[in-house]
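Colleague: Here it is, the structure in full.
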Amino acid sequence: MASPRRAPLVLACLLGAAALASAFEPPRILVELFVMSRCPDARRCEERMEALVQRIGPLLDMRTVYIADVGSDKRLKQVTCKHGPAECAGDAQQLCAAAYGRTDGAPGEPADPYALGWRFLQCQNDDFASVGDVQLAEKCLEVAGFNSTQAAGAIGCWAGKEGDRLLYASASEASWRRVAKSCTIYVDRLYRCTHDGATWYDCPGGSEVDDFVATVCAAYADAGGDWPQDLCGPAPDPETRAHLRLGGRGEGAEQQAATVEA
Ligand SMILES: *[C@@H]1O[C@H](CO)[C@@H](O)[C@H](O)[C@H]1NC(C)=O
């Protein structure tokens, strides 16, 4: 005998589940770039990733991690950058811009968590010889569209100890994740591709913009959403889709070396 008091609860749960299913949007797919801010390979890599952002920006979240020498004495928290102190400054500026430009899509805020920091980085790359320069950094905050609160936060960050702390944490992360080549790309926490010495190599799934689009789209759909056809085009057959998700260093990772004109 069913208790009549139970019926409304069951009904409520079913309705709740149905509402949840139709509203489900998978989280953005994390694209991580391990870079050095004054490295020409990083610049080329970020240019290709900008093409990815243009195509399917709303499906992804972009983050940069900075490769630098953190030294053997961890107490010193010292960071040495391959392209000199200006690079360390540029790295810290990009980390600060990413941190203070980040919004999480609360009501009234842009729903794009990485756009400001990413535009800041692209603006610096447009004047590549000056990456690390404070005047360029301040100009790029404006170009990228930081409001006064966000800009003040970013400037305070790179002018003070916070920028150093962010850089130390970032370089430590690159070190414990054993990434040493700028630029190394991870998608959805899986190794995906390297651009180094003006060459794209070790890229299971390919290194063209279309290939990165395909990987992010497949990861997004695998996370439980519908295939995002409006941005990704028609869904591929399941076998192709499984292949797109292949990642991991050494696992079928044929060297796909393709030299690009620098
Ligand atoms: C700047 O943007 C942030 C995030 O959207 C917001 O919280 C803050 O109030 C804004 N500040 C100004 C001065 O508009």
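The values are calculated or read from the model by the stated rules, or taken from the named source; none is laboratory data. This one's a predicted model, so the numbers in the text were calculated from it and none came from an experiment. Positions of Cβ are backbone-derived with ideal geometry, glycine not excepted, and every protein chain shown enters the neighbour counts.
Colleague: Looking only at the stretch 95-114, which residues are modelled with pLDDT under 95 and either small (Gly, Ala, Ser) or away from the ligand (no atom under 14 Å from the Cβ) (or both)?
Modeller: The initial filter retains those residues of the stretch 95-114 that are modelled with pLDDT under 95, namely 102-113.
Passing the criteria: 105, 106, 108, 111.
Colleague: What pairs can you find where one residue is in the stretch 98-110 and outside any helix (DSSP H, G or I), the other is within 9 Å of the ligand (Cβ to nearest atom) and at pLDDT below 70, and their Cβ atoms are less than 7 Å apart, with a gap of 6+ or different chains?
Modeller: 103/109; 103/110
Colleague: Another question, then. Could you list, ordered by first residue, the pairs with Cβ atoms under 7 Å in which the first is in the stretch 46-71 and on the phi > 0 side of the Ramachandran plot and the second is at pLDDT 95 or above, at least 6 apart or interchain?
Modeller: So the pair list comes out as 71/80.
Colleague: Only one residue in 137, 151 is at pLDDT 95 or above, surrounded by 13 or more Cβ atoms within 10 Å (Cβ to Cβ) and under 17 Å from residue 37 (Cβ atoms), so which one is that? Talk me through it step by step, then tell me what you get.
Modeller: Details: 151 fails: under 17 Å from residue 37 (Cβ atoms).
Result of the check over 137, 151: 137.
Colleague: Considering every residue within the stretch 116-135, establish whether at least one is over 22 Å from residue 55 (Cα atoms), touching a strand residue (DSSP E or B) at 6+ places or on another chain (Cβ under 9 Å) and either away from the ligand (no atom under 16 Å from the Cβ) or not polar (S, T, N, Q) (or both).
Modeller: No, because not a single residue in the stretch 116-135 is over 22 Å from residue 55 (Cα atoms), touching a strand residue (DSSP E or B) at 6+ places or on another chain (Cβ under 9 Å) and either away from the ligand (no atom under 16 Å from the Cβ) or not polar (S, T, N, Q) (or both).
Colleague: Could you grab me the full set of residues in the stretch 136-154 that are within 13 Å of the ligand (Cβ to nearest atom) and among the small types (Gly, Ala, Ser)?
Modeller: Let us first name the residues in the stretch 136-154 that are within 13 Å of the ligand (Cβ to nearest atom), namely 141, 144-154.
Correct list: 144, 145, 148, 151, 152, 153, 154.
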